[in-house]
Amino acid sequence: MKHLRSQREFIAELESIGEIQRVDTEVDWHLEIGAIIRRSYDLQAPAPLFTNITGYEGTGFQVLGAPGALSGPAHPLARIALSLGLPAAAPGQAIIETLVAARSKPGIAPVTVAAADAPCKQNVLTGDDIDLFTFPTPLIHGNDGGRYIQTYGMNIVKTPDGSWTNWSINRMMIADKTTLACLIPPPQHLGIIRSQWTATGKPTPIVLALGVEPGLPFVGGMPLPENVDESEYLGALFGEGIEVVRAETVDLLVPATAEIIIEGHIAMDETVMEGPMNEFPGYNAHDASAKAVFHVSAITYRDGATLPVVAAGPPVEEDHTIIGTMAAAEILHNLREAGLPVASAWYPFEAAVHWLILAMEPSWHETLGIDAGELGKRIGGILFAGKPGINAPKTLLFENDIDITDVSEVVWAFATRAHPEHGEFHFPDLPSDQLAIYLDEDEAHSYRAGKVIHNCLLADRFAKEKRPVKGTFANGWPAEIQQRVLSNWKAYGYR
């Protein structure tokens, strides 16, 4: 595996395969950058690197857009694969299996380096010098309530007793030059740790690390269990600990190669208005509400710092690639640990983290000796028991006879195999994400809603020798006919 240890190494790797588009023309942080990023998603174009930003000329500061989005047809998952140490052309299932394998390895703790060896310490702002507008944070969407500096960074907190450090991604908007407005859902790990600090009567020490090494945002979006340190899992994945350095004003370790570090505390009960901001379901947002306040006590940054930016919205953007990839891996790990013969798991990015696809080994019925109804109950009991199931409102259950990373095959199999009357297993009143637009007000505010598993299984409905087989080119013609057609394809006039 190739461990890219900084965002700068990541940019260089992307540039070497044609996946960086340097934008040297002057662009405005006010909406123009966001629109270009959105357009790059739609075209699966190279990641835009903005080097000349209105009002920030001569500072050396840059913005990297679409850092974890999809790429062109030659290597569509390149930004995901390279972030996780794999070749640019790695297919989806190879990425998932690599992540699952790392879950069974012991974590490797970060390695602390001296401040003199940490690029993130090249510039230090404290006291009256603190100014969040130092950096070219864009106003991303036309209806956003403010400039969101945190769309692809790491929120780092640890419990009051120091036993658990959590790395996560939650949006943060600049409220003024020294404060951020933070979305902190109480059921998420950041919210759980904040509640522990509040119980002690103290604000929550926190670091926001921006422009970190590319694997960190992915593990930050992985639904690992409570008390598991995401940075140690990343160490297990790469076989070595990431480099960290002590923060200036809070008792936390921060990524040494980060572009920007923002330190401070989350107030216990102080709030400020935040939002609206478009989110991963893909619709324009309209509502603002009071959110937690992050008071900044220090900012450190690299010379010529580059801020990563995500323009959240319809698929496919980083909410979908990160949550989809990492949650699928954690779910597959959990189901296999429970002894279920699950061949693969995948979130089709096009479904905006609303569909989870599970593929069972074709022999599941003979191996387990149960029917689909009982299997659905067992899967639901594991899937919805913890954090991974929060982003799995609709699960489609197949045998492993289709490519579940190919959305066209998934749609075909779902449409033709799920019974319209008794093809669903329902699980009411479970922990849920609050952003899905189909939720009613009570469900959204309580973070609880129903889930469903769609039964698209065949093995318990047909004798083994009579199970439907997809009538593909490979399955429907003798081998000699297939070979003749392939050999003569150009002779037929095709190109």
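The values are calculated or read from the model by the stated rules, or taken from the named source; none is laboratory data. Every value quoted in this text rests on a predicted model; they were computed, and no experiment measured them. With ideal geometry, Cβ positions are generated from the backbone for all residues, glycine too; neighbour counts draw on all protein chains shown. SASA here: full protein model, heavy atoms, side chains in, ligands and nucleic acids out. Shrake-Rupley method; radii C 1.70, N 1.55, O 1.52, S 1.80 Å.
Could you pull out the residue among Asp319, Asp371, Asp406 that is among the acidic types (Asp, Glu), in contact (Cβ under 8 Å) with a residue 24 or more places away in the chain and under 27 Å from Ile437 (Cα atoms)?
Details: Asp371 fails: under 27 Å from Ile437 (Cα atoms); Asp406 fails: in contact (Cβ under 8 Å) with a residue 24 or more places away in the chain.
Within the list Asp319, Asp371, Asp406, the selection yields Asp319.
Flag not set for Ala285, criterion: open to solvent by less than 20 Å² (accessible area, probe 1.4 Å), more than 25 Å from Ile404 (Cβ to Cβ) and assigned to a loop (DSSP other than H, G, I, E, B).
Listed conditions (1) under 30 Å from Gly191 (Cα atoms); (2) buried (at least 16 other Cβ atoms within 10 Å of the Cβ) are all met by Cys456, apart from (1).
In the range 14-36, which residues are among the charged types (D, E, K, R), open to solvent by 30 Å² or more (accessible area, probe 1.4 Å) and not in a helix (DSSP H, G or I)? Give the derivation first.
Start the filter on the range 14-36 by keeping residues that are among the charged types (D, E, K, R), which leaves 15, 19, 22, 24, 26, 28, 32.
Within this subset, residues satisfying the condition of being open to solvent by 30 Å² or more (accessible area, probe 1.4 Å) are 15, 22, 24, 26, 28, 32.
Correct list: Arg22, Asp24, Glu26, Asp28.
In a residue-by-residue description of the range 432-442, the property of being among the β-branched types (Val, Ile, Thr) and open to solvent by 50 Å² or more (accessible area, probe 1.4 Å) applies to at least one position. Summed over the range 39-55, residues that are under 18 Å from Gln7 (Cβ atoms) and either of a type in the set (Ser, Thr, Tyr) or in a helix (DSSP H, G or I) (or both) total 2.
Is it true that Ile481 is open to solvent by less than 70 Å² (accessible area, probe 1.4 Å) and within 22 Å of Gly373 (Cα to Cα)?
Details: open to solvent by less than 70 Å² (accessible area, probe 1.4 Å): yes; within 22 Å of Gly373 (Cα to Cα): no.
Considered against the rule, which asks whether it is open to solvent by less than 70 Å² (accessible area, probe 1.4 Å) and within 22 Å of Gly373 (Cα to Cα), Ile481 comes out as no.
When residues in the range 48-68 are screened for being over 16 Å from Ile33 (Cα atoms) and either among the basic types (Lys, Arg) or out of contact with any Gly (no Cβ under 7 Å at 6 or more places or on another chain) (or both), 3 of them pass. Pairing residues of the range 374-390 that are without any contact (Cβ under 8 Å) to a residue 60 or more places away in the chain with residues that are open to solvent by 70 Å² or more (accessible area, probe 1.4 Å), at Cβ distances under 9 Å and at least 6 apart in sequence or on separate chains, gives Ile382/Glu337. Just one of the listed residues (Ala102, Ala118) is out of contact with any helix residue (DSSP H, G or I) (no Cβ under 6 Å at 6 or more places or on another chain) and of a type outside the set (Asp, Glu), and it is Ala118.
Show me the helices (runs of 4 or more DSSP H) entirely contained within the range 381-495 in which 1 or more residues are aliphatic (A, V, I, L, M) and on the phi > 0 side of the Ramachandran plot. Can you show your working first?
On the way: elements: 407-417, 441-446, 473-476, 479-487.
The helices (runs of 4 or more DSSP H) meeting that bar number zero.
Arg495: open to solvent by 50 Å² or more (accessible area, probe 1.4 Å) and out of contact with any Ser or Thr (no Cβ under 7 Å at 6 or more places or on another chain), yes or no?
yes
Scan Glu230, Glu243, Glu270, Glu226 and give me the residue that is of a type outside the set (A, V, I, L, M), in contact with a helix residue (DSSP H, G or I) (Cβ under 9 Å, 6 or more places away or on another chain) and farther than 25 Å from Glu337 by Cα. So the residue among Glu230, Glu243, Glu270, Glu226 that is of a type outside the set (A, V, I, L, M), in contact with a helix residue (DSSP H, G or I) (Cβ under 9 Å, 6 or more places away or on another chain) and farther than 25 Å from Glu337 by Cα is Glu243. Search the range 61-71 for residues being in contact with a Ser or Thr (Cβ under 9 Å, 6 or more places away or on another chain) and in a loop (DSSP other than H, G, I, E, B), and hand back the single one that is farthest from Gly313 (Cα to Cα). It comes out as Phe61. Within the set Ala118, Ala88, Ala94, Ala74, the sole residue that is open to solvent by less than 50 Å² (accessible area, probe 1.4 Å), within 30 Å of Glu32 (Cβ to Cβ) and small (Gly, Ala, Ser) turns out to be Ala88. Kindly provide the set of residues from the range 265-294 that are of a type in the set (Gly, Ala, Ser), on the phi < 0 side of the Ramachandran plot and modelled with pLDDT of 95 or more, ordered by number. Across the range 265-294, the qualifying residues are Ala267, Ala288, Ser289, Ala290, Ala292. Across the range 253-274, the number of residues qualifying as open to solvent by less than 10 Å² (accessible area, probe 1.4 Å) and either without any contact (Cβ under 8 Å) to a residue 24 or more places away in the chain or part of a loop (DSSP other than H, G, I, E, B) (or both) comes to 3.
If you go through the range 165-187 one residue at a time, do you hit one that is open to solvent by less than 20 Å² (accessible area, probe 1.4 Å), farther than 21 Å from Glu279 by Cβ and more than 16 Å from the chain's Cα centre (by Cα)? Within the range 165-187 (the criterion being open to solvent by less than 20 Å² (accessible area, probe 1.4 Å), farther than 21 Å from Glu279 by Cβ and more than 16 Å from the chain's Cα centre (by Cα)), the answer is yes, since at least one residue qualifies.
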